[in-house]
1. What FRET efficiency do you get for residue 279 and residue 447 if R0 is 51 Å and r is their Cβ-Cβ distance, rounded to the nearest 0.05?
2. How far is it, in nm, from the label point at residue 147 to the one at residue 96 when both lie 7 Å from their Cα along the line to the Cβ?
3. Out of region 67-99, which GluC sites (Glu not before Pro) are coil in DSSP terms and have no more than 15 other C-beta atoms within 10 Å?
4. Between residue 318 and residue 390, what is 0.36 nm times their sequence separation minus the Cα-Cα distance? Round to one decimal in nm.
5. Please state the equivalent ellipsoid semi-axes for region 267-413: what are the square roots of 5 times the Cα gyration tensor eigenvalues, largest first, in whole Å?
6. Which sequence of 337, 363 reflects their accessible areas, 1.4 Å probe, from the largest down?
7. May I ask for log10 I(q)/I(0) of the chain at q = 0.06 Å⁻¹, from a Debye sum over the Cα atoms as equal point scatterers with solvent left out?
8. In nm, give the distance between the simple-model label positions of residue 228 and residue 53, each being 7 Å from the Cα along the Cα-to-Cβ direction.
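The values are calculated or read from the model by the stated rules, or taken from the named source; none is laboratory data. Note that the structure is a prediction, hence the values are computed from the model and not measured. For neighbour counting, all protein chains shown are included, and Cβ atoms are generated from backbone atoms with ideal geometry for every residue, glycine included. For accessibility, only protein heavy atoms count, side chains too; no ligands or nucleic acids. Shrake-Rupley method; radii C 1.70, N 1.55, O 1.52, S 1.80 Å.
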Amino acid sequence: FSISKSTKLVAKEFTRASLKMLSKKASCDSHGQDSSYFLGWQEYEKNPYDPVQNPNGIIQMGLAENQLSFDLVESWLASNPDALELKRNGGSVFRELALFQDYHGFPAFKNELVEFMAEMRGNRVKFDPNKLVLTAGSTSANETLMFCLAEPGEAFLLPTPYYPGFDRDLKWRTGVEIVPIQCTSENGFKITAPALEEAYQRAQEFNLKVKGVLVTNPSNPLGTTMTTLELNHLIDFALAKEIHIISDEIYSGTVFNSPSFVSIVEAVTERNLEDTELWNRVHIVYSLSKDLGLPGFRVGMIYSNNQTVVSAATKMSSFGLVSSQTQYMLSQMLKDKKFTANYLKENQKRLRKRRQMFVCGLKGAGIRCLKSNAGLFCWVDMRHLLKSNTFEAEKELWMKVVCEFGLNISPGSSCHCSEPGWFRMCFANMSEDTLEVAMQRVKALVEPTMVHQSVVSKSTWLQTKWVFQLASYDREPDR
């Protein structure tokens, strides 16, 4: 049936009246959900790919999940049933875990976490469990640090391109502003001293007080580790401006090629700055979501040398605790050092192989990407496929990729990249067979003469199954 014009007007007025009864936060649209990053997810959820049930659906390449090593975790759980069954030496600890927990977290779990973090850094640095705050994922950790370090209207500088979710995580509830540090493809999107200073001056022009710099290391979406030079630029800048450094190191265990990962704590320690004020302005965010592939467990953390920040963040953590049973189970797992050492080594090996397959697939379609050594994704260069060097052309290409070729990828504009034509594509959240289908669709995008893959039957997929070449791609130039 059709809705009359008057009925629509009444509905609109009713909506306006309802919004007046809500807070500004609830009624305003400042969450960032209208970003193309999230819109692509919405399209995927309407029509998700399934090799049997929905072979023409959209393949999710916008989700940075690590599904390559589930079997290792499952094998450990099968061999250690007490952890999953909430037992200790065969006796139940259910009642103990079912009661209210201290929001400081279980000491045993925090001890194992700091040892795990040190292990990933080659034990070159040690971490104190008393400086660690547990949070419900890294999203909560980053927001909590914003509440601790800045007032509404103050700013943090972030190098571009950066994770689109930061526009939500850092700003929505806190009122903190983000000022981009513009990095370019000329040097592989590396942070430079002039770019830091330019961002700082831009903030000054808008009367924004800069409270710190937040970086992801390894980078999301670049998939690269920060160089020693970049880390020193960051340290020098924070010293000169007397500001904070937040290093989101959620991908630190995914580094699968050289150069190795260097934590901000290690870089500061190497410069013997432990007795300076900067030491108290360095903070790390970490999570088990990417390295162990456990985003659904909601295990995040803040590590800070500032005891006031630790105290405040611990109080705030009561609004988003990690469940007792999760802490118990994972403390048993991380305590098994033979397992963690084998897991890290094997997971990195699998990521290296999968990234190699993905890059070779792109190369077969005439597409290159930034040389990377970490993460669950690649920063893909599709500038040559744009009709013009504009973000409008990038959006047009992105919509074509999602809606016509069934691949949900993240456009560079959603990551605040200053150059149109770059896209983030995730490769670790799917099977090899699904990746092969995705590469066929990429090839169809580049070669319009090919039969449109979205209307090809499953049997045809099998007949035209793309064969991956596992030749090394390490000589690929930075672009």
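1. Once rounded, the FRET efficiency stands at 0.40.
2. Between residue 147 and residue 96, the simple spin-label model gives 3.0 nm.
3. Details: sites: 74, 85, 96; in loops: 85.
Listed in order of number, the matching sites are 85.
4. Between residue 318 and residue 390, full extension yields 21.4 nm more.
5. Working: eigenvalues 282, 98, 70 Å².
Semi-axes from the Cα gyration tensor: 38, 22, 19 Å.
6. Final ranking, largest accessible area leading: 363, 337.
7. -0.29
8. Roughly 5.2 nm, to one decimal.
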